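Chemist: First the structure, then my questions, so here it is.
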Amino acid sequence: MLDALTPLDTGVSASLDPEDWSALRALGHRMLDDMVDHLAGLRTRPVWQPMPAQARRALHKGLPLAGGSAEQAYADFRHLVQPYATGNPHPRFMGWVHGGGTAIGMLAEMLAGGLNANLGGRDHAPIEVERQVIRWAAEMLGFPPDASGLLVTGTSMANLIGVLIARTAALGPAVRNEGLGAARLVAYSSAAAHGCIARAMDMSGIGRAALRLIPCDAAGRIELDALARAIAADRKAGACPFLVVGTAGSVDIGAIDDLAGLAAVCRRERLWFHVDAAFGAIAMLAPRIRPLLAGIEAADSVAFDFHKWAQVPYDAGCIMVRDQARQLETFAAPAAYLRREARGLAAGHPWPCDLGPDLSRGFRALKVWMTLKVYGAARIGAVVEHSCAVAQALAARVDAEPALERLAPVALNIVCFRYVDAAGNLDALNADIVADLQEAGIAAPSTTTLDGRLVIRAAIVNHRTDVADVHALVDAVLAAGRRRGSPVSLRGAQRRSNPQRMDARSTRPVREIASSLRSSQ
Ligand SMILES: Cc1ncc(COP(=O)(O)O)c(C=O)c1O
């Protein structure tokens, strides 16, 4: 039991609203001006810079008991946070597969924060906005207009939802009560599938071991014959195949599975067909690239992100499901405190919380809706085509440089290559080159491993990235490679395996390399 509590009698209101709205307004305007300047001046700053220990320490404070001023909190943001962010809005950020965001998306985030709507359920306009976004996604994918869907954090979550829906479709809704029991469910994806598919199998309780990784052809696409053989072998062994996951844009090289071929296999074998189209789905808006995705419209479910190629600020993932009944039977869970009504605020069934795991949900849909309304699908499609053209220009430049080797075909927007004009450990050398470029703030590619070899991976996703940026990337890789490829630096690279020496080695050359790279630009 709580002891008797009395309302604050100190003369101070419990409300957290500002006492002086005009001061708040002035601060807000300044924040807006500063962030517009930040976006307008991206090119004048390093792509990324490591966070100094001092700034890191300054963030490690105990729970503030008494509050401070909004001015001070904003000053801390400006000094301790803003300069050391990921850097993905910068045109020379090419690491992993990150979208660049837009100023419109940023403004939409502010509007959504102001409304503070909870999109778990009930009857209100923000949910209608999300339903509109889902209808647009259905149109983009060639799904039926009444297809279902939900905005989520990202494709990892969307893939998990896809696996859970496929599981329920295979075993029936009783699986939600009784668990998997003796069912030996088995799923299939290519060996190039993103790791979040295996994680989805793990989190769903089906288990990673029940995911068969089917080999890929030279273009990185799942081998359909091998898939058919694996399904037959599993059936023969008494297992229960239930799901095939196709990939539209593989994380390493951007390969697109034969989706129409996979759809045919799934129809024939009566398996759920899910597509991980994390970034590839948005290529459906690009007329010259769309044909590569033929077959996606036949999927039972598709996972993708608006925060990648559609440039919506993080986070904005999406799961699309052809048949809403399958989604409802997987997630809807009636509760007295969530009772639906025919009228009033509790109307509007089904609610988004019936379609996924989250009850409380923010207004992610607004930034997607505003992005599509302001730029239009055609312009986003043009960004996709531009990214692919820039990737082609990068591939051509790499092919023309004797010191570089390209290690994968370029199906879409990802180019994998490495510096080879050096003796010694090329994996360590290329990892160092990438870290040098990142720490110098010149460009931020990432690395991956192809056929056991570490490669530099440039994913062109940001709408701001142009041909000149990929030439600058190559110039910087060549300069860093030449510098590190000298016998002295190579001996340094070989010491990499000794962790005690790593600190000294990895910080010393960076400043040198940064200045030489900058002067070579
Ligand atoms: C093919 C693929 N699937 C899944 C993911 C995971 O997406 P998210 O980071 O939005 O969870 C990625 C991320 O790059 C990806 O490329």
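Chemist: Which FRET efficiency value, to the nearest 0.05, is calculated for GLU128 and GLN392 with the Förster distance at 45 angstrom and r the Cβ-Cβ distance?
Modeler: After rounding, the FRET efficiency stands at 0.65.
Chemist: In whole Å, what are the Cα extents of segment 238-340 along the three principal axes, biggest one first?
Modeler: The Cα atoms of segment 238-340 stretch 50, 45, 23 Å along the principal axes, largest first.
Chemist: Using a 7 Å offset from the Cα along the Cα-to-Cβ direction at both GLU139 and HIS349, what is the distance between the two label points in nm, to one decimal?
Modeler: Each label point lies 7 Å from its Cα, and together they span 3.0 nm.
Chemist: Quick one: what are the phi-derived ³J(HN,Hα) couplings along segment 128-142, Karplus 6.51/-1.76/1.60 with θ = phi - 60°, whole Hz, x for glycine and proline?
Modeler: Using θ = phi - 60°, the values come out as 4, 4, 5, 5, 5, 4, 5, 5, 5, 5, 4, 4, 4, 7, x Hz.
Chemist: So, in Å, what gap is there between the alpha-carbon centers of segment 305-352 and segment 251-274?
Modeler: Here the two parts' Cα centres lie 26 Å apart.
Chemist: Roughly how many percent of the accessible protein surface of segment 10-98 is carbon and sulfur, given a 1.4 Å probe and a whole-percent answer?
Modeler: So the carbon and sulfur contribution to the accessible surface is 60 percent.
Chemist: Starting from a Cα-only point model with no solvent, please compute log10 I(q)/I(0) by Debye for segment 7-56 at q = 0.18, 0.20, 0.23, 0.31 1/Å.
Modeler: Evaluating at q = 0.18, 0.20, 0.23, 0.31 Å⁻¹ gives log10 I(q)/I(0) of -0.80, -0.84, -0.91, -1.07.
Chemist: While we're here: Under 4 °C and 1.567 mPa s, how fast does segment 310-421 diffuse according to Stokes-Einstein, given a Kirkwood radius computed over C-alpha pairs? Answer in µm²/s, whole number.
Modeler: In µm²/s, the coefficient rounds to 70.
Chemist: Got a number for carbon plus sulfur as a percent of segment 277-383's accessible area, 1.4 Å probe? Walk me through the numbers on the way to the answer.
Modeler: On the way: 2540 of 4350 Å².
Roughly 58 percent, rounded to a whole number.
Chemist: Apply the Karplus parameterisation 6.51 cos²θ - 1.76 cosθ + 1.60, with θ equal to phi minus 60°, to every residue of segment 21-28 and state each ³J(HN,Hα) to the nearest whole Hz, in sequence, with x for glycine and proline.
Modeler: 5, 5, 5, 4, 4, 5, 5, x
Chemist: Starting from the Cα gyration tensor of the chain, take the square roots of the eigenvalues, sort them a ≥ b ≥ c, and report rounded, prolate or oblate (rounded when a/c is under 1.5, otherwise prolate if a/b is larger than b/c, else oblate).
Modeler: It is oblate, given that a/c is not under 1.5 and a/b is not larger than b/c.
Chemist: Got a sec to turn the phi values of segment 166-182 into Karplus ³J(HN,Hα) couplings, 6.51 cos²θ - 1.76 cosθ + 1.60 with θ = phi - 60°, whole Hz, x for Gly and Pro?
Modeler: 4, 4, 5, 5, 6, 9, x, x, 4, 4, 5, 8, 9, x, 6, x, 8
Chemist: Shifting gears a bit: Would you compute, for the Cα atoms of segment 167-245, the largest minus smallest coordinate along each principal axis and list the three values in descending order, in whole Å?
Modeler: Computed over segment 167-245, the largest-to-smallest principal extents equal 44, 28, 18 Å.
Chemist: I've got another one for you. Determine the relative contact order of the chain: mean sequence separation of Cα pairs under 8 Å and six or more apart, normalised by residue count, in whole percent.
Modeler: On the way: 916 pairs, mean separation 100.8, N = 521.
RCO, the chain: 19 percent.
Chemist: Give me the accessible area per residue for the chain, probe 1.4 Å, as a whole number in Å². Don't jump to the answer; show the numbers that get you there.
Modeler: Details: 24660 Å² over 521 residues.
I get 47 Å² per residue for this part.
Chemist: Another question about this same structure. Taking the Cα centre of segment 71-172 as the origin and placing charges on Cβ (Lys, Arg +1; Asp, Glu -1), which of VAL133, LEU171, THR153 is farthest toward the positive end of the dipole?
Modeler: LEU171
Chemist: ARG43 versus TYR337, label points 7 Å from Cα toward the beta carbon: distance in nm?
Modeler: 5.4
Chemist: Loop by DSSP (not H, G, I, E, B), at most 13 other beta-carbon atoms within 10 Å: where is the longest site-free stretch of the chain for trypsin sites (Lys or Arg not before Pro)?
Modeler: 62-269
Chemist: Using only alpha carbon pairs under 8 Å that are at least six residues apart, calculate the relative contact order of segment 175-270 and give it in whole percent.
Modeler: Computed over segment 175-270, the figure is 32 percent.
Chemist: Can you give the % of DSSP beta bridges in the chain that are antiparallel, to the nearest 5?
Modeler: Rounded to the nearest five, the antiparallel share is 55 percent.
Chemist: Given the options VAL477, LEU5, GLN324, identify the residue whose Cα lies farthest towards the positive end of the charge dipole of the chain (+1 on Cβ of Lys, Arg; -1 on Cβ of Asp, Glu).
Modeler: VAL477
Chemist: May I pose another question? Taking the Cβ-Cβ separation of ASP34 and ALA66 as r and a Förster radius of 25 Å, what is the calculated FRET efficiency to the nearest 0.05?
Modeler: On the way: r = 26 Å, r/R0 = 1.06.
The pair ASP34/ALA66 has a calculated efficiency of 0.40.
Chemist: What percent does the relative contact order of segment 361-469 come to when contacts are Cα pairs within less than 8 Å and at least six residues apart?
Modeler: 25
Chemist: Could you pull out which residues in segment 196-235 have an amide N less than 16 Å from a spot 7 Å beyond the Cα of ASP451, following the Cα-Cβ vector?
Modeler: 216-221
The values are calculated or read from the model by the stated rules, or taken from the named source; none is laboratory data. In this text, all values refer to a predicted model and were calculated from it rather than measured experimentally. Glycine gets a Cβ as well: all are built from the backbone with ideal geometry, and neighbour counts include every protein chain shown. Calculation scope for accessible area: heavy atoms of the full protein, side chains included, ligands and nucleic acids excluded. Shrake-Rupley method; radii C 1.70, N 1.55, O 1.52, S 1.80 Å.
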